[in-house]
1. Which whole-number percentage describes the relative contact order of the range B:25-183, with Cα contacts under 8 Å and a sequence gap of 6 or more?
2. Could you give, in nm with one decimal, how far A:Ala489 is from each other copy of that position, shortest first, with labels 7 Å out from Cα toward Cβ?
3. Express in whole angstrom the spacing between the alpha-carbon centres of the range B:229-303 and the range B:171-199.
4. Pairs A:Lys187/B:Lys460; B:Lys26/B:Lys147; A:Lys69/A:Lys497; A:Lys107/A:Lys147: which are spaced more than 27 Å apart, C-alpha to C-alpha?
5. Viscosity 1.002 mPa s, temperature 20 °C: what is the translational diffusion coefficient of the range A:254-355 from Stokes-Einstein with a Kirkwood Rh over Cα pairs, rounded to a whole number of µm²/s?
6. According to a simple spin-label model (label point 7 Å from Cα along Cα-to-Cβ), what is the distance in nm between A:Ser424 and A:Asp483?
7. To check my understanding: the extent here is largest minus smallest coordinate of the Cα atoms along each principal axis. What are those three numbers for the range A:308-417, in Å, largest first?
8. Can you list the copy-to-copy distances for A:Asn104, using a point 7 angstrom from Cα toward Cβ, in nanometres, shortest first?
Number of protein chains: 2
Amino acid sequence: MTTKTRRRRKSVSPALPAIQHPPYIKRKVPVYDLLNEENLQKLEDQAEWILSEIGMEFRGDAVALALFKEAGATVTGEHVRFDKGHVRQLCATAPSQFEMVARNRGKSIMFGGDNVIFAPAYGSPFVSDLKGGRRYGTVKDFENFVKLTHMSPWLHHQSGTLCEPVDEAVNKRHLDMVYAHLRYGEKPFMGGVTAPERAVESIEMAEIVFGRAFMQTNCVIQGNINVNSPLVFDDVMSGALRVYAAANQGLVISPFILGGAMAPVTMGAALAQAHAEAMVGIALAQLVRPGCPVVYGNFLTTMDLKTGAPTFGTPESTLAAQAIGQLARRLNIPFRCGGHYTASKLCDAQAMQESADNMMAGLTAGANFIFQAAGWLEGGLTMGYEKFILDADHCGQLQRYLGGLNLDDNNLGGESFLEAGIGSNFLGTAHTLANFRTANHQADMPNNDSFEQWADDGRKTAEQRANERWQQLLREYEAPAIDPAVDEALLEYMAKKKAGRPDEWY
Amino acid sequence: MTTKTRRRRKSVSPALPAIQHPPYIKRKVPVYDLLNEENLQKLEDQAEWILSEIGMEFRGDAVALALFKEAGATVTGEHVRFDKGHVRQLCATAPSQFEMVARNRGKSIMFGGDNVIFAPAYGSPFVSDLKGGRRYGTVKDFENFVKLTHMSPWLHHQSGTLCEPVDEAVNKRHLDMVYAHLRYGEKPFMGGVTAPERAVESIEMAEIVFGRAFMQTNCVIQGNINVNSPLVFDDVMSGALRVYAAANQGLVISPFILGGAMAPVTMGAALAQAHAEAMVGIALAQLVRPGCPVVYGNFLTTMDLKTGAPTFGTPESTLAAQAIGQLARRLNIPFRCGGHYTASKLCDAQAMQESADNMMAGLTAGANFIFQAAGWLEGGLTMGYEKFILDADHCGQLQRYLGGLNLDDNNLGGESFLEAGIGSNFLGTAHTLANFRTANHQADMPNNDSFEQWADDGRKTAEQRANERWQQLLREYEAPAIDPAVDEALLEYMAKKKAGRPDEWY
């Protein structure tokens, strides 16, 4: 007897109905306010003190320095200091909400407010799967993760560098990545940021699909900008930032901090620094183009005090996320945080304990954009196929959580009590039959079978089941439609840009 | 080179200082309020409606029925109905906080208010470990789990039936369990509840240690009472409840609900029922002995809509926990919720994803008592050795989380910024050196090493590391001191009670 037959025999109903999946989440549960007003003020004051007394450096970016000088900052060489309150004021033109338009308009998403968006992991040089182990990522792997993201109803955005496609040169691979995002998926995505000219080419490819005029007033692509914490922007990051801002495209600006290394070891100090850095990045974007769509990012975690190794899903990083969420809300700018982070090398118990905690940190913190939400392993060095599947499924559970409780009369179930009475089960009541299809979210990956049935089915771990699932999904994948002329133009653009460009490998 | 040497070489410091562990947690982060006043009122109204219109049954317990009748309830045979507001009023004598005295007075704990207590899992017939697999629990396993609980700084309470010691008769094993709790541990614990006379014997054994007079005014043992949901107390549960209440000992009273089976499938209805049932149990305890120490319990989860199997760590159960936490706070009675629940048969990715979510549900819900916090597998049917280790370690992380952020001047780290300046790391600042030992909680079980080091060390999963750890702990275990005369008296009591009692096996 197959598992399927056995399950069917036990069913209370023949099948669950097809579900319409919204393109992003409307949050219906309150955010969590960790800190009181006095403590929030302390963090904001400390951030202002850092900006006025310590300042920041923009290395090699004369344009950024000139913009800050013109805006009234104190610029000495590459060093910039700001009067208290100045940076906050410069951030004021950033929109509190904005739309990001998808190739499939039905998958366009809203950043900010009560909206929540999940996107997979970004930036790992390695990929891994249960059978093949850990290896460098390739263009093929990259395409696979675009496809898996396309197929997940719980991921609303395709992220950007789903893995580094290490089989293509560093100065060319952004073209392959943007092509894969546009060809194999149809949700919003991020382009290249590893050099300003790669940002330009990413935007130009988006223009082939969306049209230049349309993009003057619509965000269709984003750049993911990390601050070189502590308190530095290098010209690669600030240069790429300026390209996206000038094109009125999106930016996610995140200080990248392990407390104790890129910031002081205590969380109050690290929070103040992160807040200062994020605000300065946002301010630069707004100076380039007032009103351009930005996301206030947070990547603030801890390190192992014995070895200096980065640690994830820790209590301190959860507290930091919840605090910084409050700071972001007080700026009224869409907020990025959370993710299924882990230091584990495997999709094991450690991986999920850390990942679940860190996701809940982002959710309680009120994050609008949670990327790194699927696949992340080994502190971000590896994109895991099985981890991706289990994380994405977990995103579905969290999406249901964010829908909250609807306590209408049907939900309060008075009829059911009258029918069932006392001491008998509710399985057969009219209320149960009318509601069981929609009452609970049905996650895909957990095994809830009896021990005996689970043993009969091969005693599979969650990782083994996920291994089967991603292979099945890739077999079943169907590419979204694209105008052949547009596809040809994209391929032509990519070929032209690659032609004659000597490979760079670092 | 051994791992230890390698780690030592990388150390930023020779050793972390010995840490004093408090006997329970003082919560310093706010609780999470999911529902607004209007929705809380709806749930309370629905619970009152259930109690007045549907009522509950006390099967075979004439004493309980008489107590309710005398208190003014409408009693018809075994059926009891209550005027609106009556049960709530009967709960009013329950203390909002109470102390539970441990054999080692330094490990006494406080229930209620901002206090949080973690205790391991309760009630599984099976145990499992990585090498031996799943098997019935024994007295030896039970003792092992008392020992592991004794050694964990993050478990504040020894729970009760850590596993069913199936090698001893059902009508005798409570004696072995209470003895193990008193002999191999020294934290608070729970006694037998599977028959009123077993509750009596459990309390009598506690009296040998604590003294009868002392126990008249001090809680030293608890009974864990489950309602036979929907809306029934059988005489075993209500009888055991009355024994503990009469002795002024503790009670944890928890409806046991899978929505759709023991309650309607919609969460609003299940919440109202759970609230009604918990209040009635508390009311009975207060009628037996006004002021006796009780805990308002919650065990409300969901089921797989296709198979009817129980499911854990689900979004609906998290929402329910958060809502019921608010209801319990409005009664001002210590609240039990959460736990490292999972349906997984293994200590794998599923187990920890579900467990972490459900623990966070309990924490955000404001639970004062989180039992089932270590070891739980397979929907509570199995106590897992490796799961126990990883869960307990996670409890340490959550304890740190509940400590919140202390944003004093040192934490805000001004000096560190002045010393490090811009663009250089903070590892060597005086502020880092002064704070790194205490800044971050150091969890024991996560592996944060580089991939290469982890691979060199044998590519161990979290489960494999936990397997090594519990064996090491049991080797290193030292029994807490006990007065030999007391020990002898306990053994004598046990022998006397067992002598000539025919074994019962069901």
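1. Details: 185 pairs, mean separation 27.7, N = 159.
With pairs under 8 Å counted, the relative contact order is 17 percent.
2. Label-point distances to the other copies, shortest first: 9.1 nm.
3. Here the two parts' Cα centres lie 21 Å apart.
4. Values: A:Lys187/B:Lys460 38 Å; B:Lys26/B:Lys147 25 Å; A:Lys69/A:Lys497 36 Å; A:Lys107/A:Lys147 15 Å.
Among A:Lys187/B:Lys460; B:Lys26/B:Lys147; A:Lys69/A:Lys497; A:Lys107/A:Lys147, the Cα-Cα distance tops 27 Å for A:Lys187/B:Lys460; A:Lys69/A:Lys497.
5. Details: Rh = 14.4 Å.
The estimated diffusion coefficient comes to 149 µm²/s.
6. About 6.4 nm separates the two model spin labels.
7. Principal axes ranked by extent give 57, 36, 21 Å for the Cα atoms.
8. 5.9
FYI, it's all coordinate maths here, none of it is from the lab. Since we're looking at a predicted model, the values are computed, not measured. Quick reminder, even Gly has a Cβ in these numbers, built from the backbone with ideal geometry, and neighbours come from all protein chains shown.
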